[in-house]
Structures are given as C-alpha cells and as structure tokens.
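To start, the structure itself, in structure tokens.
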Amino acid sequence: MTADNEFPAPSPHPLRREAGDWLKRRRRAAGLTQRQLAVRLGLDYYTFISQIEGGRARVPSALYAAWAAALGVSAADFAKKMLECYDPDTYRALGLSPGDLIS
C-alpha cells in the first residue's frame, strides 16, 4: 500500500503487453495517432487506446473487425493475434502457432 492508503496499479500481464505492443506497431504503420484511431473506431476517449497499448485493457471482441479495418489487417489475423495474447489456451487448442500470424 502507498502512503495514501491506495493500492499500486498492477503490472500488465506480459501477454496483454505483447498485444498492446503489436497494436501500437500496427497503428503506427497505418500512420495513425491514438486520437485518430479512436475517432475511426467511434470511441469517446482516445485514452482507451493508450490503456490497450499499455496492456492495461483489452480490445473488446465485438470491435475486432473495426480495429482490423482501421489498422489495415485482415479480421482473421487480428482475431488470431488477440486470441493468442488474451486467451492462449484456446489459441493452442485450435492448433495455432505464432508463425500463423502477420508480424
């Protein structure tokens, strides 16, 4: 606990951080700022993009197709990458491996 009786923020899980790093690279490759991506996705707050890229939040699965389109990635590849990072057990159960994805 901190002196203000607040709990420190937990560190992001390494796989969520991996997803965030991948998303940041894709966003930058698409030439978008966080704010521009948020506008394309119809999000009220661009800070949500920052939270996701920092591994502190997840892309909601209902938005996978929109994110994929905004980043110029196929919806299937996008969903596979999110599944790899957010639910690795299901990813492996489907017989997928990291080589199955775009970088």
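Laboratory data are not the source of any read-out in this text; all were calculated from the coordinates shown. In this text the structure is predicted, and so the values were computed from the model without any measurement. A quick note on method: Cβ atoms are made from the backbone with ideal geometry, for glycine too, and the neighbour counts reach across all protein chains shown.
Side notes on the structure shown:
- Condition check for residue 44: out of contact with any helix residue (DSSP H, G or I) (no Cβ under 7 Å at 6 or more places or on another chain), of a type in the set (Asp, Glu) and over 15 Å from residue 18 (Cα atoms): yes
- Tallying residues that are surrounded by 14 or more Cβ atoms within 10 Å (Cβ to Cβ), on the phi < 0 side of the Ramachandran plot and of a type in the set (Gly, Ala, Ser) within the range 43-64 yields 3.
- The residues of the range 17-42 that are outside any helix (DSSP H, G or I) and surrounded by 15 or more Cβ atoms within 10 Å (Cβ to Cβ) amount to a single one, 32.
- Residues being without any contact (Cβ under 8 Å) to a residue 60 or more places away in the chain and under 13 Å from the mean Cα position of the chain (by Cα) - total across the range 85-101: 1
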